[in-house]
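Presented below is the structure to which this report refers.
The values are calculated or read from the model by the stated rules, or taken from the named source; none is laboratory data. Keep in mind the model is a prediction, meaning the values are calculated, not measured. Note that each Cβ is placed from the backbone with ideal geometry, even for glycine, and that neighbours are counted across all protein chains shown.
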Amino acid sequence: MTSSSEQLLPGTQRALLHRIATAQSEGRTPSLVAAVQRRGQAVWSGSRSGTDGHAADADTQFRVGSITKTFTAVLVLRLRDEGLLDLDDPLEKHLPGTGVGTVTLHQLLGHSAGLGAESPAPWWERTPGTLRPELADVLGERTEMHPPGHRYHYSNPGYTLLGSLIERVRGVSWEEALRCEILEPLGMHRTSPRPQAPHADGWAVHPWADVLLPEPAEDLGLMAPAGQLWSTAGDLLRFAAFLAEGDDRVLCAASVEQMREPSAPGQPGEWGSAYGLGLQIEREDGRTLFGHTGSLPGFLAALWFSVDDDVAAVVLTNVTSGPMAGGVAADLAKIVAEAEPRVPDPWRPLPEVGPELLALTGPWYWGTRPHLLRLGPDGGLDLRPLHGNGRGARFTALPDGTWIGRDSYYAGEILNVVRNSDGSVNHLDLGSFVFTREPYDPDAAIPGGVDEGGWRGLGT
């Protein structure tokens, strides 16, 4: 077990070790490696092995399966940020001739394109990619399982298409783009399309006896962007830190935040989970976790991080079916978040605030309902109901003097400060809703007007 200078308490470390020991024993996996990160720093790692003297560690490669999809999504978002494509573009615009070209890049990223979950037989995860040399071999004859954009339906072929899109637009292989644009800038030197020693071998464990069967480790060919990668717990923690904060060398904070936004409606019974752009979203005990799980024959993997708790956890195992890596990783994040809650950063005053902006803060009324408008630490505005739940949002300033909603009900809506001829504020206009300094202020431009008799009691 290792830890950084930001040491976890002994009780927390004991709880983490107990959780992975239970997972390895009950899940009957040859080896299991886990690591936890807090405030962007690795603070704990642990491993359990069924072979004496051969325990893996945070620098041992495991195959991570569909966590690969998150890397592929980052490469697509980079192309978008460079202006080389738009997420609403149909696939046909950049990758013609697929037969499914009307689906959009956004739908492919969020698994709402309606494509099949798997490629046609034989089972692509246990056979060489050379059996599927063309995209038509990956997609098969029945390409549309659902109308595009109507529902979430996980699709491995969809991410194959995105990998081919990256190659077409960038003019280099998916592997080369991955190495130059993500792995090298983030210092992920132990992440690669093919295994590099030290690495774990993949195994299947007999369901009714404690015996093993080696699993093949095939090169997936065109399917590589959906699940090819090998990585380590240490490298995946670096990736988690990037996905939480952004890194301008790879993708800015606003773009990784967009990856964390739900992209398609879930189905009944799935409302505790969603999918963003290359990221899974889970609600666990009131905590929102982002990340991805992965599996290929011989391996299970999971990466979860909580932005609010500033904690991330990775679990890697070398077994086909065993401990639920996603559940174990979620438990590790929960253990740290609850045993050692995040210590808030010190409050600091803003460097400078203009009087006109400061004058906008304070109470405002939508009809008779009071709201508070606060100036945020980033210089943006935050509008929330004074009591209870309701419509609110954070707002960012635009060059024309208006403000645009960043989240919640008013995401994308424009907040406009409407002024009188003398420059004083008459009201706030938010998507046609009028917010005034007094409930139904008669001096403000209230739609429908205000009764001239004013406020009154109920007569007898």
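On the stretch given as region 29-49, residues that are crowded, with 18+ Cβ neighbours inside 10 Å and part of a loop (DSSP other than H, G, I, E, B) total 2.
Does Arg238 count as over 13 Å from the mean Cα position of the chain (by Cα), surrounded by 22 or more Cβ atoms within 10 Å (Cβ to Cβ) and touching a residue at least 40 places away in the same chain (Cβ under 8 Å)? Taking the combined requirement at face value, the residue satisfies it. Taken over region 71-92, residues that are in a helix (DSSP H, G or I) and of a type in the set (Gly, Ala, Ser) amount to 1.
Listed by position, the strands (runs of 3 or more DSSP E) inside region 233-342 whose residues that are at pLDDT below 95 number at least 1 are 273-275, 280-284, 287-296. Can you tell me which residue is nearest to the chain's Cα centre (by Cα) among those in region 334-361 that are surrounded by fewer than 24 Cβ atoms within 10 Å (Cβ to Cβ) and over 30 Å from Phe395 (Cα atoms)? Among residues in region 334-361 that are surrounded by fewer than 24 Cβ atoms within 10 Å (Cβ to Cβ) and over 30 Å from Phe395 (Cα atoms), the one nearest to the chain's Cα centre (by Cα) is Lys334. Within the set Thr22, Thr68, Thr12, the sole residue that is at pLDDT 95 or above, in contact with a Leu (Cβ under 6 Å, 6 or more places away or on another chain) and either assigned by TED's automatic domain parsing to the domain that holds Met145 or not in a strand (DSSP E or B) (or both) turns out to be Thr68.
Listed here are the residues, each with its yes/no results for (1) assigned to a loop (DSSP other than H, G, I, E, B); (2) at pLDDT 90 or above; (3) β-branched (Val, Ile, Thr).
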residue: Pro370; (1), (2), (3): no, yes, no
residue: Leu373; (1), (2), (3): no, yes, no
residue: Leu383; (1), (2), (3): no, yes, no
residue: Pro399; (1), (2), (3): yes, yes, no
residue: Val417; (1), (2), (3): no, yes, yes
residue: Asn426; (1), (2), (3): no, yes, no
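Out of Arg63, Arg14, report the one residue that is among the basic types (Lys, Arg) and touching a residue at least 12 places away in the same chain (Cβ under 8 Å). Step by step, each of Arg63, Arg14 is checked, and only Arg63 is among the basic types (Lys, Arg) and touching a residue at least 12 places away in the same chain (Cβ under 8 Å).
Would region 117-133 turn up any residue that is over 16 Å from Pro225 (Cα atoms), in contact with a His (Cβ under 7 Å, 6 or more places away or on another chain) and modelled with pLDDT under 95? Within region 117-133, not a single residue is over 16 Å from Pro225 (Cα atoms), in contact with a His (Cβ under 7 Å, 6 or more places away or on another chain) and modelled with pLDDT under 95. Residues that are more than 23 Å from Arg38 (Cα to Cα), out of contact with any His (no Cβ under 7 Å at 6 or more places or on another chain) and among the polar types (S, T, N, Q): does region 298-316 have at least one? Scanning region 298-316 turns up no residue that is more than 23 Å from Arg38 (Cα to Cα), out of contact with any His (no Cβ under 7 Å at 6 or more places or on another chain) and among the polar types (S, T, N, Q). Residues of region 196-216 include at least one that is buried (at least 19 other Cβ atoms within 10 Å of the Cβ), in contact with a Pro (Cβ under 9 Å, 6 or more places away or on another chain), under 20 Å from Ser321 (Cα atoms) and of a type in the set (D, E, K, R). Is it fair to say Tyr154 is touching a Lys or Arg at 6+ places or on another chain (Cβ under 8 Å) and either within 15 Å of Gly221 (Cβ to Cβ) or hydroxyl-bearing (Ser, Thr, Tyr) (or both)? Considered against the rule, which asks whether it is touching a Lys or Arg at 6+ places or on another chain (Cβ under 8 Å) and either within 15 Å of Gly221 (Cβ to Cβ) or hydroxyl-bearing (Ser, Thr, Tyr) (or both), Tyr154 comes out as no. On the stretch given as region 61-89, residues that are touching a strand residue (DSSP E or B) at 6+ places or on another chain (Cβ under 6 Å) and more than 14 Å from Ser255 (Cβ to Cβ) total 8.
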